[in-house]
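First up is the structure itself, then whatever we jot down about it.
The values are calculated or read from the model by the stated rules, or taken from the named source; none is laboratory data. As the structure is a computational prediction, the values presented were derived from the model and not from experiment. Cβ placement follows ideal geometry from the backbone for every residue including glycine, while neighbour counts extend to all protein chains displayed. These area figures cover heavy atoms from the full protein model, side chains too; ligands, DNA and RNA do not enter into them. Shrake-Rupley method; radii C 1.70, N 1.55, O 1.52, S 1.80 Å.
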Amino acid sequence: MKKIKLTVEGMHCASCAGNIERSLKKIPGLKDARVSMMTRKAIVEADDNVSEEEMKKAVARAGYKVSKIEN
Amino acid sequence: MKKHTKGKMNHNHEQTPEEQEINMWKKKLVWAWVITIPLIIVMYILPLFDVMIEEEIMRFIILFLSFPVVFITGFSTLKSGFKGFVSFYFNMDSLIGLGTVIAWLTGVLVFFMEIENYAGIAGMIMAIFITGKFIESKARGRAGAEIRKLLELGAKQARIEKNGKEIMVDISEIKVGDVIIIKPGEKIPTDGIIVKGESSVDESMISGESLPVDKLKGSSVIGATINQDGVLYVKATKVGGDTFLSHIIQLVEEAQGTKVPIQKLADKITSIFVPAILFITIVTFAVWMYFSGDLSLALAAAIAVLVISCPCALGLATPIALTVGSGIGAKKGILIRKGEAIQTMKDVKVVVFDKTGTITKGKPEVTDVSTGKNSEKEILLLAGSLESLSEHPLAKAIVKYCEEKNHNKFMKVTKFSALRGRGVEGYVGKDRIVIGNRRLMNEEKISLKDFEKDISKYESEGKTTMIVSKNKKVIGVLAVADAIKEDSRKALAMLHKAGYKTVMITGDNEPTAKAIAQQVGIKMVIANVLPEDKSNEVKKLQNKYGFVAFAGDGINDAPALKQANVGIAMGTGTDIAIEAGDIVLTTGSLVAVTQSINLSKATFKKIKQNLFWAFAYNTIAIPLAIMGLLHPVIAEIAMAASSITVVTNANLLRRKRIG
């Protein structure tokens, strides 16, 4: 299990946070994703084998961009 | 001193993402209206003065003026909206984008067929939308101001001595053990211990405590606090992600993403909102076409539905109030860790306080020694020898007292053991020494008769007694008192006034506990509780009275904090037990407990108000739009107003006094 913090750019409305959560949660092995529009951060809990690249892709799929990844 | 708090070290101010967003909308807003105002003049004002422009020319003017508003200032909105149609991750831009583009296209269609020209309206809708977004982003920025301040609190640079010269280095270069020099008025860059110098330090940004704290050599200091008047040499003990500030930031950021249960329905609606509205729009259009056969009317209703519907009010209702609430809290040293606690708090009837370290200072001192006919030296030496092996705060108080009295040549102890919640035992030479409370003496069947009078007296004064016995015979009694925190009385009076039942829980015996409880005004006391039984006692209270909040120090009381419906973990200096509490207080102040209760209730009330407005708005406005009763421009104004209302209402939380 690992916990990762993503800073997301381009969130501008409430449905954005929901879209990102929905997209992230489609990644197999991803346990939890909590996105806050207020802090522009997504806090993700996932199995160790889930790559950061996959998370970036999931955020991009929903139409947003990851600008920073922290552990 | 105020002027220093801005931080000298951060001259070149970079724009925060919030400021960038506000500025982006501002720029668009200006351009949108520069074009939209002439558009309005041409469309509505000139006809008032009987200035008639030929229909053909008018069409071109409207199309020409509204184009840049919709497609240039609205470019990013359209792009993000139409991306939604491709990826099926719809957002509110999808609605606005579709609404304005369809409206604008009628301006083209009008050249080929009989249709009402909505192109001008498209421009107006986009301009109002941008205006709404601008106001909302400003209000949102204000809502997050405190939290952002907290995130930006850390120092960027630190001053160190190198080759006899003082130089500034980037904070990331500081390692544990480095000595940092902090001049008056500067920010202390990281957590550490003072190795040279003395000063007073303003810790208000961390603890909410407004008075500066005096610091001497050996005192620990917290990064991001402000050195007031002396030069300090501080050895870094924690850097980077390990610092107190980093922990708090992490906690606050995580809390922002937690959900308040009441939000669930709103979240569910938000997640299907846009596709649902798209469906409703199609149905609205079809039904209007079928019954009226008028394409223009059908389009007007469809556009109104598209632009009036915005998930923002619903989706923002809770997070925005939570942000404002936790921001207000953070400023006062109250950290809301779980959004759920805010909702639970409103049902709390009983507040349970741990005694030691919560109501009292948690730094016990020996106040009396009763020796009977025995020598004080022997009592203290034996007590000190055993207690020096224990980590208990009471033990430390005794050892400290022995050292002060110069009875510090402690003897060798064998077969030592600490008896949790009762005392200690061990052998000094061949003598079996047992030191502890009444309960332990009863278990050991040791008679207290010669000392009963003194013991009762100490207990009635609220002191903890440590009975020293040698070979099953009491040789002396030490009384230890733990002073009550200055503001405990006031905090409890506030709670009583608000109608809460308060309970004190402690491992002390009944008379001692009652004496303390009486001093602070608590009527119900649960005494003689072993640490591991505290959570059971909480459970019993829950069965009897309903929801219970527990305030305690997070380290010993972790199970009780978990068992309680709301666990309030009290901080003691730099050690805060983050994991244990739903709400974490960085200060040890009991007033902060009361404040955190008031803040939670006020925040939850705002959440409820916001959700009410958001639901009311959507359930009234959308049907009106479907019925074709709202002009698309009015619809757009209403939409912008709805999300601004929610954010502004949350900001009003600041006016609330939380004590």
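Below, the figures for the structure above:
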| item | result |
| --- | --- |
| Any chance B:Ile222 is closer than 21 Å to B:Gly327 by Cα, touching a residue at least 24 places away in the same chain (Cβ under 8 Å) and open to solvent by 20 Å² or more (accessible area, probe 1.4 Å) | no |
| Residues (assigned to a helix (DSSP H, G or I), in contact (Cβ under 8 Å) with a residue 60 or more places away in the chain and surrounded by fewer than 23 Cβ atoms within 10 Å (Cβ to Cβ)) located in the range B:458-490 | B:Lys490 |
| Residue among B:Gly588, B:Gly628 that is open to solvent by 20 Å² or more (accessible area, probe 1.4 Å) and at positive phi | B:Gly628 |
| Test: residue in the range B:131-149 that is away from every other protein chain (no Cβ under 14 Å) and either under 19 Å from B:Val274 (Cα atoms) or assigned to a helix (DSSP H, G or I) (or both) | yes |
| Conditions (1) surrounded by 14 or more Cβ atoms within 10 Å (Cβ to Cβ); (2) over 19 Å from B:Glu254 (Cα atoms); (3) not aliphatic (A, V, I, L, M): number failed by A:Lys26 | (1) |
| Residue satisfying all of: in the range B:533-557; in contact with a helix residue (DSSP H, G or I) (Cβ under 7 Å, 6 or more places away or on another chain) and farther than 18 Å from B:Leu585 by Cβ; surrounded by the most Cβ atoms within 10 Å (Cβ to Cβ) among these | B:Val538 |
| Filter result (more than 11 Å from chain B (Cβ to nearest Cβ), part of a strand (DSSP E or B) and in contact with a helix residue (DSSP H, G or I) (Cβ under 7 Å, 6 or more places away or on another chain)) within the range A:7-36 | A:Leu30 |
| Residue list for the range B:254-273, filter: among the aliphatic types (A, V, I, L, M) and either more than 14 Å from chain A (Cβ to nearest Cβ) or assigned to a helix (DSSP H, G or I) (or both) | B:Ala255, B:Ile262, B:Leu265, B:Ala266, B:Ile269, B:Ile272 |
| Qualifying positions in the range A:37-71 - more than 12 Å from chain B (Cβ to nearest Cβ) and among the small types (Gly, Ala, Ser) | A:Ala46, A:Ser51 |
| Which listed residue, of B:Ala418, B:Ala395, is farther than 23 Å from B:Lys514 by Cβ and in contact with a Ser or Thr (Cβ under 7 Å, 6 or more places away or on another chain) | B:Ala418 |
| Residue in the range B:290-300 that is assigned to a helix (DSSP H, G or I), within 11 Å of chain A (Cβ to nearest Cβ) and open to solvent by less than 50 Å² (accessible area, probe 1.4 Å) present | no |
| Matching entry among B:Ala580, B:Ala558, B:Ala564 (being aliphatic (A, V, I, L, M), free of Cβ contacts under 8 Å to residues at least 24 places away in the same chain and within 30 Å of B:Glu537 (Cβ to Cβ)) | B:Ala558 |
| Among the residues listed as B:Lys355, B:Lys338, the single one being closer than 30 Å to B:Asn649 by Cα, touching a helix residue (DSSP H, G or I) at 6+ places or on another chain (Cβ under 8 Å) and basic (Lys, Arg) | B:Lys338 |
| Residue under evaluation B:Val231, criteria (1) within 27 Å of the chain's Cα centre (by Cα); (2) open to solvent by 30 Å² or more (accessible area, probe 1.4 Å), criterion not met | (1) |
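Quick grid of which residues meet (1) hydrophobic (A, V, I, L, M, F, W, C); (2) away from every other protein chain (no Cβ under 14 Å); (3) at positive phi:
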position	(1), (2), (3)
B:Leu211	yes, yes, no
B:Gly223	no, yes, no
B:Tyr233	no, yes, no
B:Thr243	no, yes, no
B:Ile249	yes, no, no
B:Val252	yes, no, no
B:Pro275	no, no, no
